[in-house]
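This structure is in structure tokens; I'll ask about it shortly.
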Amino acid sequence: APALRKLPMAENLRLFGTVCGQACGALSNHHLIEDSSLFPHIERSAIDHAPVVARLRAEHKVIEVALEHLAEKADDLAQARSGGGEVDHDTFEPVAESYAELLAVLRSHFGYEETRLAPIMGRLEMFG
């Protein structure tokens, strides 16, 4: 499965050609910006909010693992299909389960982020 992801075609699809690849890229960029710019600013300016930042950073790692797990299951599905196998409920179910797990983690993460991070940013008068 990892070899499949390293193929230039797979990388191009992930980066440019699929909605999933674009969404995963946007999510990774969102977290990169938070981890490298936003969170350090909050940590310097509002030390009392360090636990919020720590939780969000930890959740970013969980999300990356969930994204990788989804990619692995999608690779398995593609491998089964390219090997002449049938795509039925049993071969598709691991992808659906992995997606559902990712979706649950993201909903929780964004809910926490919106309720806890937005007020901090407002108090710090960030972004206008």
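The values are calculated or read from the model by the stated rules, or taken from the named source; none is laboratory data. None of the values given here were measured: they were computed from a predicted structure. Ideal geometry is used to build each Cβ from the backbone, glycine not excepted, and the neighbour counts take in all protein chains shown. Heads up: the accessible areas ignore ligands, DNA and RNA and are worked out on the full protein's heavy atoms, side chains in. Shrake-Rupley method; radii C 1.70, N 1.55, O 1.52, S 1.80 Å.
On the given criteria, is Val52 surrounded by 11 or more Cβ atoms within 10 Å (Cβ to Cβ) and closer than 24 Å to Gly21 by Cα?
No.
Let me ask something else. Here are some residues: Met121, Met126. Which one is open to solvent by less than 60 Å² (accessible area, probe 1.4 Å) and outside any helix (DSSP H, G or I)?
Details: Met121 fails: outside any helix (DSSP H, G or I).
Of the residues listed, the single one that is open to solvent by less than 60 Å² (accessible area, probe 1.4 Å) and outside any helix (DSSP H, G or I) is Met126.
Also, quick follow-up: Name the residues in the stretch 15-40 that are open to solvent by 60 Å² or more (accessible area, probe 1.4 Å), more than 10 Å from the chain's Cα centre (by Cα) and not aliphatic (A, V, I, L, M), would you?
Phe16, Cys20, Gln22, Ser36, Ser37
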